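The values are calculated or read from the model by the stated rules, or taken from the named source; none is laboratory data. It should be emphasised that the depicted structure is a prediction, and the values quoted were computed from it without experimental measurement. Backbone-built Cβ (ideal geometry, glycine too); neighbour counts: all protein chains shown.
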Amino acid sequence: MSNTLPIESFPDWSRFIAAVWNHGRSVKNINPELVETHVNAAAESVKDSVIQRNEARSIRPSSFLSCARHAYFFLKGEPAGEMPDEIGSTFAVGHLLHELSYCAVKSGIPAGFKVSTEVAVDLPNWWPKEHDSFTKQGHVDMLIEIEDPEEAKKYLPVAVVERQPKMLIDFKTMGGYGYRKHGKAIFDYDPDGFGYISQLSTYASALGVEEYGAVIAGINRDQLQARLNTRLVDASILKWNINRLQENLKKAIEGEDPGEEFLVRHKSEASFYCGRGGKPGYCPFKDVCRANPKLV
Ligand code: SF4
């Protein structure tokens, strides 16, 4: 007996994935063999999260891309601020929720779709792989490919099946506040301090799927019964960011200080991340940035 998502029409990938995830995570539908595999995978990551520091030691798709000045400071050898010593359990919960989400989607996905998780990818041609400070490889949370278009059309509109045959999905665990903000975010207008769009754009470029858009799927770690908050990021936004990152990284390697790029781009709305206007800030370089004013 199949426990996959019953036939139903969805207007887009975003709502389809959220429905598959919710169906697959039910105790009635989740596949126990997948649970065994993914919970074992999570165990290793959970242990690493709490017994070692998890600061990035290189420029990666997930680190130091949201502001042009990050790569500049990193390459100059400026130390990035450390995360709190107690952050490990937050990462541990994130790893577990990622693996459970992989189980849920793989359990609930109907015939005609292929789901791959933790896909190892070579970074794109424009990524400075030859430079020691840049990571060489990355991992994509999930890629769903349409294998049988006729089956897929039972769930998605014909135009979607034909124009978006693959969908890249990046899961993010979020606190309740971040989860609500993610639901209303206007991508590329609102500040992306934690670099979600930069990461997604880099991976989309690595896989050559930027034409199809990509999904950021927010998991509410404060309210685990909440729906999966899936948002489709349009291809035009991914492409704009790929160009931005290419230019920023090239200039950083040349030693050109871009100044307070993120603050200039987002003005007072960047304060939450940059630590200005009385806000504590999350930017790992906020102190050295403030001590070296250039543009603001
Ligand atoms: S404080 Fe803001 S402008 Fe300065 S490096 Fe950090 S993100 Fe960029």
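What the table shows:
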read-out	value
So residue 199, is it polar (S, T, N, Q) and closer than 21 Å to residue 95 by Cα	yes
Tabulated pairs, region 267-296, first more than 14 Å from residue 64 (Cα to Cα) and hydroxyl-bearing (Ser, Thr, Tyr), second more than 9 Å from the ligand (Cβ to nearest atom) and at pLDDT below 95, C-beta under 7 angstrom, 6+ apart or interchain	268/277; 271/277; 271/279
Every residue from region 101-141 that is farther than 15 Å from residue 16 by Cβ and among the charged types (D, E, K, R)	118, 122, 129, 130, 132, 136, 141
Elements of type helices (runs of 4 or more DSSP H) in region 230-296, at least 1 residues being more than 11 Å from the ligand (Cβ to nearest atom) and either within 30 Å of residue 11 (Cβ to Cβ) or at pLDDT 95 or above (or both)	235-253
Residues of region 154-201 that turn out to be of a type in the set (Asp, Glu) and in contact with a helix residue (DSSP H, G or I) (Cβ under 6 Å, 6 or more places away or on another chain), as a count	2
Only one of 237, 219, 197, 186 that is without any contact (Cβ under 8 Å) to a residue 24 or more places away in the chain and β-branched (Val, Ile, Thr)	186
Cβ pairs under 6 Å, 6+ apart, first in region 70-92 and more than 18 Å from residue 285 (Cα to Cα), second assigned to a loop (DSSP other than H, G, I, E, B) and within 13 Å of the ligand (Cβ to nearest atom)	none
Count of residues meeting criterion [touching an Asp or Glu at 6+ places or on another chain (Cβ under 7 Å) and either under 11 Å from residue 170 (Cα atoms) or among the acidic types (Asp, Glu) (or both)] in region 218-250	1
Selected residue (criterion: farthest from the ligand (Cβ to nearest atom)) from residues of region 30-65 that are of a type in the set (Ser, Thr, Tyr) and within 19 Å of residue 131 (Cβ to Cβ)	58
Matching option when the condition is more than 11 Å from the chain's Cα centre (by Cα) and modelled with pLDDT under 95, among 181, 166, 154	181
Residue within region 21-30 that is under 23 Å from the mean Cα position of the chain (by Cα), under 30 Å from residue 244 (Cα atoms) and crowded, with 21+ Cβ neighbours inside 10 Å present	no
Residue check for residue 40: of a type outside the set (Ser, Thr, Tyr) and touching a residue at least 12 places away in the same chain (Cβ under 8 Å)	no
Helices (runs of 4 or more DSSP H) contained in region 93-210 and holding at least 1 residues of a type in the set (S, T, N, Q) and buried (at least 18 other Cβ atoms within 10 Å of the Cβ)	196-207
